[in-house]
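Student: Take this structure first; my questions come after.
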Ligand SMILES: Nc1nc2c(c(=O)[nH]1)N[C@H]1C(S)=C(S)[C@@H](COP(=O)(O)O)O[C@H]1N2
Ligand SMILES: [Mo]
């Protein structure tokens with residue numbers, strides 16, 4: 001009894017002032033949205049700290065939310081205290097709980113799927129609605145942060161402990177998942193779960209936008225290689241199936257990954273076939289028959305593959321036949337399917353960020 005009392009007292013002393021809790025919640029939710037969205041562009045293992053930060057912040061939000069709810073619970077449970085803004089508060093709370101619950105369930109390897117929606121996509125959905133809700137909620141109860149609420153050394157200490165506890169909690173969870181060998185144990189550093197097997201049937205078909213073209217006629221198909229090259233060329237599907245093989249890992253932001261043996265033509269060989277490069281050449285842009293497109297810096301592009309085969313089979317239509325980009329260490333959304341044009345360019349293509357979201361045919 002005395003021990004729990006002492007723990008309680010220690011926890012109470014650690015609790016930040018109300019305004020600090022509120023502003024920290026706001027800042028942490030924004031930081032979660034930013035780290036979450038930026039993590040979508042990270043596919044190389046060096047990017048792991050970003051994912052850890054996202055998880056540690058999430059656990060810290062659980063603690064902050066517990067303090068906050070302990071403080072305001074009567075405003076929710078006592079109808080006499082209800083105001084117009086209470087509905088917004090409740091909605092904000094539900095979105096926060098939704099994001100936390102789906103995030104935690106995902107970490108433990110829970111794998112519920114509704115067509116190609118994974119639990120991770122639901123988590124992202126909750127996160128995206130949470131940001132405007134938190135902003136609106138903060139606006140209804142706006143109080144400027146005060147110096148006394150953020151006394152420097154105590155605040156730094158609190159945040160360090162909070163984030164360290166968050167990271168430790170995640171590490172502990174990993175240990176438990178490994179020991180019990182749950183589905184959570186096979187997750188990649190990005191959080192994605194494995195899809196095992198080889199060939200077209202082994203992994204899902206994902207178009208995260210409305211991209212759904214008609215199958216491309218193999219005999220009529222031509223790949224154009226042009227832009228800042230001396231001798232633009234057109235290649236047939238047969239010519240592209242050159243038999244260069246490479247093992248690469250496809251990691252989709254909806255939360256799965258697969259390792260496959262891809263066959264086709266090295267992009268470096270394609271560029272060599274198109275003669276000399278202009279001095280300004282800096283990027284290679286891959287454009288789909290649907291308009292969907294992505295660019296890679298030229299040196300990286302050379303080592304990428306234009307794949308016609310996967311796991312020894314000819315690529316199926318859904319996976320991008322006759323040819324799709326295989327870009328190791330890039331996230332799945334950058335692996336353009338149904339590529340019809342490879343273009344050498346001088347400039348970075350900002351428009352690709354919009355086009356990948358809205359393209360469709
Ligand atoms: N043209 C085009 N390419 C695309 C997409 C798309 O919607 N259109 N989806 C991308 C996404 S989000 C992923 S994860 C991979 C999935 O490849 P798969 O369908 O072969 O599994 O393709 C990428 N290439
Ligand atoms: Mo994806």
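The values are calculated or read from the model by the stated rules, or taken from the named source; none is laboratory data. From a predicted model like this one, the values you see are computed outputs, not experimental measurements. Here the Cβ positions follow ideal geometry from the backbone for every residue, glycine too, while neighbour counts run over all protein chains shown.
Student: Residue 318 fails exactly one of the following numbered conditions: (1) near ligand 1 (Cβ under 8 Å from one of its atoms); (2) at positive phi. What is the number of that condition?
Tutor: Failing condition for residue 318: (2).
Student: Of 243, 197, 227, which residue is at positive phi and within 16 Å of ligand 1 (Cβ to nearest atom)?
Tutor: The conditions single out 197.
Student: Right, next: Can you confirm whether the range 242-252 contains a residue that is assigned to a loop (DSSP other than H, G, I, E, B), closer than 29 Å to residue 37 by Cβ and within 16 Å of ligand 2 (Cβ to nearest atom)?
Tutor: Taking every residue of the range 242-252 in turn, none turns out to be assigned to a loop (DSSP other than H, G, I, E, B), closer than 29 Å to residue 37 by Cβ and within 16 Å of ligand 2 (Cβ to nearest atom).
Student: Do the conditions hold for residue 105, that is, is it surrounded by 17 or more Cβ atoms within 10 Å (Cβ to Cβ) and either assigned to a helix (DSSP H, G or I) or without any contact (Cβ under 8 Å) to a residue 24 or more places away in the chain (or both)?
Tutor: Criteria met by residue 105.
Student: Test residue 212 against the stated conditions and say whether it is within 16 Å of ligand 1 (Cβ to nearest atom), out of contact with any strand residue (DSSP E or B) (no Cβ under 6 Å at 6 or more places or on another chain) and either in contact (Cβ under 8 Å) with a residue 24 or more places away in the chain or farther than 30 Å from residue 312 by Cα (or both).
Tutor: yes
Student: Based on what the data block shows, is residue 191 at positive phi, crowded, with 19+ Cβ neighbours inside 10 Å, outside any helix (DSSP H, G or I) and away from ligand 2 (no atom under 14 Å from the Cβ)?
Tutor: No; evaluated as a whole, the condition is false for this residue.
Student: Determine if the range 212-226 includes at least one residue that is in a strand (DSSP E or B), at pLDDT below 95, within 16 Å of ligand 2 (Cβ to nearest atom) and more than 15 Å from residue 311 (Cβ to Cβ).
Tutor: No, because not a single residue in the range 212-226 is in a strand (DSSP E or B), at pLDDT below 95, within 16 Å of ligand 2 (Cβ to nearest atom) and more than 15 Å from residue 311 (Cβ to Cβ).
Student: From 305, 325, 350, grab the single residue that is free of Cβ contacts under 8 Å to residues at least 60 places away in the same chain, under 20 Å from residue 41 (Cα atoms) and either crowded, with 21+ Cβ neighbours inside 10 Å or within 10 Å of ligand 1 (Cβ to nearest atom) (or both).
Tutor: Exactly one residue qualifies, and that residue is 325.
Student: Quick one: what pairs do we get from the range 142-170, first residue under 21 Å from residue 54 (Cβ atoms), second at pLDDT below 90 and surrounded by 11 or more Cβ atoms within 10 Å (Cβ to Cβ), C-beta under 7 Å, 6+ apart or different chains?
Tutor: 158/14; 158/16
A quick yes/no check of all residues on (1) surrounded by fewer than 16 Cβ atoms within 10 Å (Cβ to Cβ); (2) out of contact with any strand residue (DSSP E or B) (no Cβ under 7 Å at 6 or more places or on another chain):
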residue: 197; (1), (2): yes, yes
residue: 200; (1), (2): no, no
residue: 203; (1), (2): no, no
residue: 220; (1), (2): yes, yes
residue: 228; (1), (2): no, no
residue: 234; (1), (2): yes, no
residue: 240; (1), (2): no, no
residue: 243; (1), (2): yes, no
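Student: Can you tell me which residue within the range 253-267, out of those that are away from ligand 2 (no atom under 13 Å from the Cβ) and farther than 21 Å from residue 284 by Cα, is farthest from the chain's Cα centre (by Cα)?
Tutor: 261
Student: Then there's this: Looking at the range 120-140, can you tell me whether even one residue there is touching a helix residue (DSSP H, G or I) at 6+ places or on another chain (Cβ under 9 Å), in a loop (DSSP other than H, G, I, E, B) and loosely packed, with under 15 Cβ neighbours inside 10 Å?
Tutor: no
Student: Something else: Mind checking whether some residue in the range 289-299 is within 23 Å of residue 42 (Cα to Cα), without any contact (Cβ under 8 Å) to a residue 12 or more places away in the chain and either surrounded by fewer than 17 Cβ atoms within 10 Å (Cβ to Cβ) or near ligand 1 (Cβ under 10 Å from one of its atoms) (or both)?
Tutor: yes
Student: List the number of the failed condition for residue 354; all other conditions in (1) within 16 Å of ligand 2 (Cβ to nearest atom); (2) at pLDDT below 95; (3) out of contact with any strand residue (DSSP E or B) (no Cβ under 8 Å at 6 or more places or on another chain) hold.
Tutor: (1)
Student: Check off (1) in a strand (DSSP E or B); (2) within 14 Å of ligand 2 (Cβ to nearest atom); (3) more than 15 Å from the chain's Cα centre (by Cα) for residue 204 and give me the number that stays unchecked.
Tutor: Checking residue 204 against (1) in a strand (DSSP E or B); (2) within 14 Å of ligand 2 (Cβ to nearest atom); (3) more than 15 Å from the chain's Cα centre (by Cα), the one that fails is (1).
Student: Restricting attention to the range 171-188, and to residues there that are within 18 Å of residue 51 (Cβ to Cβ) and outside any helix (DSSP H, G or I), which single residue is modelled with the lowest pLDDT?
Tutor: The qualifying residue modelled with the lowest pLDDT is 187.
Student: Please verify whether residue 284 is outside any loop (DSSP other than H, G, I, E, B) and within 21 Å of the chain's Cα centre (by Cα), treating the condition exactly as stated.
Tutor: Against the criterion (outside any loop (DSSP other than H, G, I, E, B) and within 21 Å of the chain's Cα centre (by Cα)), residue 284 does not qualify.
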